[in-house]
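Novice: Please see the structure below; I have some questions.
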């Protein structure tokens with residue numbers, strides 16, 4: 001299927017499908033986008049195909065239509081749906097914001113802001129990533145802080161100050177109380193919120209050059225398998241129980257890899273996108289090694305990739 | 001200095017000039033800074049930013065810039081070795097692509113009309129642009145063989161005056177279908193030019209004869225039609241309202257008097273049509289002059305007039321680039337540098353670069369300016385504001401792809417300094433690694449060591465313990481890594497390894513002289529262990545290090561108190577070393593029984 005391209009008057013940094021309640025045997029048709037590098041940035045909600053109508057192959061023929069949008073202060077550095085109605089964004093101003101989406105998708109409004117969640121003593125600093133496992137949220141930033149929030153509480157639940165001396169680029173939940181972060185000196189750090197101390201439970205890194213890591217994603221079914229991508233475009237699959245070497249290393253891209261995602265319902269498929277302008281689709285053969293590769297070239301540099309879970 | 005072509009337009013700066021009498025200004029890359037002054041030391045607190053090009057801020061026009069960028073890049077990739085016939089069809093299709101992008105933009109602006117007053121203004125400009133572009137495509141790019149020029153011109157006029165033409169056509173075609181039928185058959189190539197010319201002459205003479213014989217005298221309507229068919233200028237001029245523009249008049253006139261017009265003869269009719277249509281009192285508008293220059297095949301005049309009339313370089317840059325690819329521009333060098341095409345593309349791209357978001361497009365334009373593009377890019381890319389690391393990474397990737405190593409170093413240094421200022425030593429180090437900046441890595445190491453001597457312990461152990469090969473970037477960094485390792489070994493009670501490492505730091509000259517005293521002081525607890533850790537040889541080496549340290553010139557800045565402390569330290573060390581030496585000698589001399 002050929003990708004459909006539509007020009008909108010802003011650069012998009014992140015795009016995410018809206019989750020569908022599992023009861024409905026439907027594919028998601030609504031997605032959110034966040035813009036960057038504008039004087040006035042915004043978070044927008046779009047729909048593909050008419051509501052509830054797509055052709056029999058599940059493919060969409062129409063251009064996405066804008067449903068609603070909201071102003072966003074600062075670049076959208078990351079975007080995650082907390083649940084069907086709430087969207088969390090990480091901003092370059094250092095704030096973490098929750099947006100509420102009306103059930104009929106007619107309006108998007110700011111519900112809550114944690115201003116200066118990430119900051120230096122006299123400057124703001126970008127919040128680089130945010131991850132949700134309702135009702136908890138974790139955000140990380142260029143200031144090296146890891147912050148834990150609960151969606152309905154105004155006060156921050158916990159802050160790990162100085163978690164990292166370099167920028168933390170991405171974060172993912174491993175278990176309910178454990179997160180994994182990746183930073184710009186090529187380390188993966190595991191944090192256990194049950195522990196009182198502010199030091200990581202485990203640190204992993206590739207022996208060799210300290211290449212910054214930009215993205216991380218956990219295998220949907222196996223909590224100890226994660227995939228990372230970094231500045232050199234290498235895709236690494238790690239088993240966090242087993243020490244310092246990833247069990248799979250692939251030279252995926254020729255430039256920074258911005259996002260990596262396991263397919264939520266079909267985890268033998270992996271997607272990566274990169275500054276070199278390509279979006280790649282990977283598939284594992286039976287076993288744990290990655291083998292074949294299908295390439296889908298895109299015109300401009302994609303910053304973001306997100307797949308919709310297909311219903312069985 | 002050259003003469004001014006047109007009177008410059010005035011821009012009013014609100015609230016300027018109320019308190020002060022004079023305005024000063026300074027050119028910026030895209031904007032103008034204006035300040036008020038009375039030439040006294042106390043200036044006005046206000047600085048006004050005057051934006052040169054407001055079009056760039058329109059969200060809908062932004063799509064025009066984005067889509068045309070794609071077309072531009074595609075055009076540059078057309079290979080030189082394709083036969084010219086294929087190239088021409090490609091150029092024509094590219095020209096049509098550009099025009100369809102303009103039209104799409106125009107339609108969207110019209111849909112939004114009323115929401116912003118700028119939009120209606122933009123719509124009329126885009127209309128004019130598309131008109132000019134279309135004419136240029138017809139005359140210059142899609143150069144039709146003689147005979148079908150008029151057909152293309154008819155299409156051109158029709159496209160832009162569709163509703164008027166519908167009515168005119170109704171009037172014209174209502175009574176002479178047969179004649180019109182054969183008429184339109186002409187330029188499809190079924191007949192040669194001369195054949196057609198002969199047939200047309202016959203037809204024209206017949207029409208004329210009808211008129212002379214007053215065949216249609218009874219019906220004024222039919223008579224008018226016949227006069228039009230003959231090409232009677234006065235009758236045509238009477239239909240001014242239907243025709244609405246002089247170029248429509250021109251094409252209509254040619255249709256009925258010289259359907260086989262050849263390009264070189266076009267300009268005479270164009271000039272006279274314009275004069276006839278506008279009349280003696282009306283003066284031509286800029287658009288009219290531009291179209292006239294096009295009819296006269298004076299490309300340079302067209303480009304020049306468009307540059308003056310429009311406040312954005314988009315149109316002239318893209319059109320000139322396309323015409324240049326068609327090899328239609330004489331390559332004469334302008335006296336301010338590159339050729340015309342490159343000059344215009346550079347101007348356009350420089351304007352894009354000042355936009356907070358469209359700067360990424362400008363990079364591709366600079367890439368395709370062979371003479372000055374790289375220099376322009378080098379100068380501009382360093383001035384992109386870097387608010388987030390992610391943006392900095394994208395800018396760096398642009399520089400690295402083009403081997404602009406100086407810019408890479410400079411940008412990494414900016415980011416590293418910023419990180420250092422905010423105490424993000426790991427980030428600072430990661431930027432230094434990317435730029436392979438040994439000097440900065442040394443700076444960071446110094447900072448670590450300073451923190452260590454201030455606090456007594458290392459900060460950011462996660463970084464220091466995991467330096468990896470990055471350690472080799474600078475000597476100071478290597479020392480730092482190894483020094484931390486020494487501390488770690490000591491903490492793990494691996495004393496002999498720690499001792500060996502510590503000694504090697506001094507003997508291999510990895511440690512800077514200034515820190516030797518600290519290192520020797522670190523050796524003290526090892527020397528005072530019950531067990532002998534340093535061997536005889538090692539002790540001798542330590543002693544020689546100590547003496548070497550003391551033999552250097554005394555630091556005259558030291559106060560008396562400091563000097564006391566220093567000499568006490570030295571005494572203690574000498575004592576400890578001596579004791580260790582005796583124990584080591586005994587130990588090594590003892591035969592194990």
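Novice: For region A:96-104, state whether one or more residues are loosely packed, with under 14 Cβ neighbours inside 10 Å, within 14 Å of chain B (Cβ to nearest Cβ), modelled with pLDDT under 90 and part of a loop (DSSP other than H, G, I, E, B). Please lay out each step first, then the result.
Specialist: Step one: list which residues in region A:96-104 are loosely packed, with under 14 Cβ neighbours inside 10 Å, which gives A:102-104.
Keeping just the survivors that are within 14 Å of chain B (Cβ to nearest Cβ) gives none.
Scanning region A:96-104, I find no residue that is loosely packed, with under 14 Cβ neighbours inside 10 Å, within 14 Å of chain B (Cβ to nearest Cβ), modelled with pLDDT under 90 and part of a loop (DSSP other than H, G, I, E, B), so the answer is no.
Novice: Within region B:386-412, which residues are closer than 20 Å to residue A:126 by Cβ and more than 10 Å from chain A (Cβ to nearest Cβ)?
Specialist: Scanning region B:386-412 gives B:386, B:392, B:395, B:411, B:412.
Novice: Another question about this same structure. Need the failing condition index for residue B:211 against (1) over 18 Å from residue B:150 (Cα atoms); (2) at pLDDT 75 or above, just the number.
Specialist: Here residue B:211 meets the rest and fails (2).
Novice: Would region B:41-52 turn up any residue that is touching a helix residue (DSSP H, G or I) at 6+ places or on another chain (Cβ under 7 Å), in contact (Cβ under 8 Å) with a residue 24 or more places away in the chain and away from every other protein chain (no Cβ under 14 Å)?
Specialist: no
Novice: Within the bounds of region B:194-206, is there any residue that is in a loop (DSSP other than H, G, I, E, B) and at pLDDT below 75? Reasoning before the result, please.
Specialist: As a first pass, look at region B:194-206 and keep what is in a loop (DSSP other than H, G, I, E, B): none.
Taking every residue of region B:194-206 in turn, none turns out to be in a loop (DSSP other than H, G, I, E, B) and at pLDDT below 75.
Novice: Which residues, taken from region A:242-261, are within 14 Å of chain B (Cβ to nearest Cβ), touching a strand residue (DSSP E or B) at 6+ places or on another chain (Cβ under 7 Å) and in a loop (DSSP other than H, G, I, E, B)?
Specialist: Scanning region A:242-261 gives A:244, A:253, A:255, A:256.
Novice: With respect to the numbered conditions (1) surrounded by fewer than 16 Cβ atoms within 10 Å (Cβ to Cβ); (2) under 24 Å from residue B:72 (Cβ atoms), which one is the sole condition not fulfilled by residue B:324?
Specialist: (1)
Novice: How many of the residues making up region B:512-556 are part of a loop (DSSP other than H, G, I, E, B) and more than 60 Å from the chain's Cα centre (by Cα)? Walk me through how you get there before you give the answer.
Specialist: Of the residues in region B:512-556, the ones part of a loop (DSSP other than H, G, I, E, B) are B:512, B:528-535, B:552-556.
Keeping just the survivors that are more than 60 Å from the chain's Cα centre (by Cα) gives B:528-535.
Within region B:512-556, residues that are part of a loop (DSSP other than H, G, I, E, B) and more than 60 Å from the chain's Cα centre (by Cα) number 8.
Novice: State yes or no: is residue A:47 within 14 Å of another protein chain (Cβ to nearest Cβ) and closer than 27 Å to residue B:108 by Cα?
Specialist: Working: within 14 Å of another protein chain (Cβ to nearest Cβ): no; closer than 27 Å to residue B:108 by Cα: yes.
So residue A:47 does not fit the description; no.
Novice: Provide a single number: the residues in region A:214-234 that are outside any strand (DSSP E or B) and away from every other protein chain (no Cβ under 14 Å). Spell out the reasoning first.
Specialist: Initially, region A:214-234 is screened for residues outside any strand (DSSP E or B), giving A:219-224, A:231-233.
Imposing the further condition that a residue be away from every other protein chain (no Cβ under 14 Å) reduces the set to A:219-224.
Of the residues in that region, 6 qualify.
Novice: Might you let me know whether region A:162-169 holds any residue that is in a strand (DSSP E or B), touching a strand residue (DSSP E or B) at 6+ places or on another chain (Cβ under 6 Å) and either within 11 Å of chain B (Cβ to nearest Cβ) or closer than 23 Å to residue A:18 by Cα (or both)? Give the steps one after another, and end with the answer.
Specialist: Of all residues in region A:162-169, those in a strand (DSSP E or B) come to A:168-169.
Adding the requirement that they be touching a strand residue (DSSP E or B) at 6+ places or on another chain (Cβ under 6 Å) leaves A:168-169.
Pick out the ones that are also either within 11 Å of chain B (Cβ to nearest Cβ) or closer than 23 Å to residue A:18 by Cα (or both) and you get A:168-169.
Within region A:162-169, one or more residues are in a strand (DSSP E or B), touching a strand residue (DSSP E or B) at 6+ places or on another chain (Cβ under 6 Å) and either within 11 Å of chain B (Cβ to nearest Cβ) or closer than 23 Å to residue A:18 by Cα (or both).
Novice: Counting only residues that are in contact with a helix residue (DSSP H, G or I) (Cβ under 7 Å, 6 or more places away or on another chain) and touching a residue at least 24 places away in the same chain (Cβ under 8 Å), which one in region B:413-423 is farthest from the other protein chains (Cβ to nearest Cβ)? Lay out the reasoning, then the answer.
Specialist: The initial filter retains those residues of region B:413-423 that are in contact with a helix residue (DSSP H, G or I) (Cβ under 7 Å, 6 or more places away or on another chain), namely B:413, B:415-416, B:419-420.
With the extra rule that they be touching a residue at least 24 places away in the same chain (Cβ under 8 Å), the set shrinks to B:413, B:415-416, B:420.
Details: B:413: 16, B:415: 10, B:416: 11, B:420: 11 Å.
By that ranking, first place goes to B:413.
Novice: Which residue, of B:270, B:317, B:309, is touching a residue at least 12 places away in the same chain (Cβ under 8 Å), closer than 30 Å to residue B:194 by Cβ and in contact with a helix residue (DSSP H, G or I) (Cβ under 6 Å, 6 or more places away or on another chain)? Break it down stepwise before answering.
Specialist: Numbers: B:317 fails: closer than 30 Å to residue B:194 by Cβ; B:309 fails: closer than 30 Å to residue B:194 by Cβ.
When all the criteria are applied, what remains is B:270.
Novice: Just checking, which of A:185, A:203 is within 11 Å of chain B (Cβ to nearest Cβ), touching a residue at least 12 places away in the same chain (Cβ under 8 Å) and surrounded by fewer than 20 Cβ atoms within 10 Å (Cβ to Cβ)? Explain how you work it out, then say what you get.
Specialist: Values: A:185 fails: surrounded by fewer than 20 Cβ atoms within 10 Å (Cβ to Cβ).
Only one candidate qualifies: A:203.
Novice: Quick check on region A:134-150. Is at least one of its residues more than 19 Å from residue B:461 (Cβ to Cβ), part of a loop (DSSP other than H, G, I, E, B) and modelled with pLDDT under 90?
Specialist: Yes, the conditions are met somewhere in region A:134-150.
Novice: Take the conditions farther than 21 Å from residue A:187 by Cα, buried (at least 18 other Cβ atoms within 10 Å of the Cβ) and at pLDDT 90 or above and apply them to residue B:449. Does it pass?
Specialist: On the way: farther than 21 Å from residue A:187 by Cα: yes; buried (at least 18 other Cβ atoms within 10 Å of the Cβ): yes; at pLDDT 90 or above: no.
In short, no.
Novice: State the number of residues belonging to region A:151-161 that are away from chain B (no Cβ under 14 Å) and touching a strand residue (DSSP E or B) at 6+ places or on another chain (Cβ under 8 Å). Before the answer, list the steps.
Specialist: Initial filter on region A:151-161 (away from chain B (no Cβ under 14 Å)): A:151-159.
Narrowing the set further to residues that are touching a strand residue (DSSP E or B) at 6+ places or on another chain (Cβ under 8 Å) leaves A:151, A:154, A:156-159.
Qualifying residue count, region A:151-161: 6.
Novice: Just name the residue that is nearest to residue A:124 (Cα to Cα) out of those in region B:424-464 that are away from chain A (no Cβ under 14 Å) and in contact (Cβ under 8 Å) with a residue 40 or more places away in the chain.
Specialist: Applying the filter and picking the extreme gives B:449.
Novice: Considering only residues that are modelled with pLDDT under 90, crowded, with 18+ Cβ neighbours inside 10 Å and farther than 20 Å from residue B:352 by Cβ, which ones fall in region B:53-107?
Specialist: B:106
Novice: Only residues that are in a helix (DSSP H, G or I), closer than 23 Å to residue B:413 by Cα, touching a residue at least 12 places away in the same chain (Cβ under 8 Å) and more than 9 Å from every other protein chain (Cβ to nearest Cβ): list them for region B:465-485, please. Quick ask: steps written out before the conclusion?
Specialist: Of region B:465-485, the ones in a helix (DSSP H, G or I) are B:468-473, B:475-485.
Filter once more, keeping what is closer than 23 Å to residue B:413 by Cα: B:468-473, B:475-481.
Going one step further and asking which of them are touching a residue at least 12 places away in the same chain (Cβ under 8 Å), we end up with B:470, B:473, B:475-481.
Hits for region B:465-485 are B:473, B:475, B:476, B:477, B:478, B:479, B:480, B:481.
Novice: Which pairs do you get when a residue that is facing chain B (nearest Cβ under 10 Å) and more than 13 Å from residue B:59 (Cα to Cα), found in region A:32-43, comes within reach of a residue that is part of a loop (DSSP other than H, G, I, E, B) and at pLDDT 90 or above, reach meaning Cβ atoms under 8 angstrom, with the pair 6+ apart or on two chains?
Specialist: Partner pairs satisfying both residue conditions: A:35/A:75; A:36/A:75; A:36/A:92; A:37/A:75.
Novice: Report whether or not residue B:125 is assigned to a helix (DSSP H, G or I) and closer than 30 Å to residue B:34 by Cα. Write out each step before concluding.
Specialist: On the way: assigned to a helix (DSSP H, G or I): yes; closer than 30 Å to residue B:34 by Cα: yes.
Taking the combined requirement at face value, the residue satisfies it.
Novice: Quick check on my filter: what residues within region B:349-387 are crowded, with 22+ Cβ neighbours inside 10 Å and touching a strand residue (DSSP E or B) at 6+ places or on another chain (Cβ under 9 Å)?
Specialist: Passing the criteria: none in range.
The values are calculated or read from the model by the stated rules, or taken from the named source; none is laboratory data. Here the structure is a predicted model, which is why all the values come from computation and not from measurement. Using ideal geometry, Cβ is built from the backbone for each residue, glycine included, and neighbour counts are taken over all protein chains shown.
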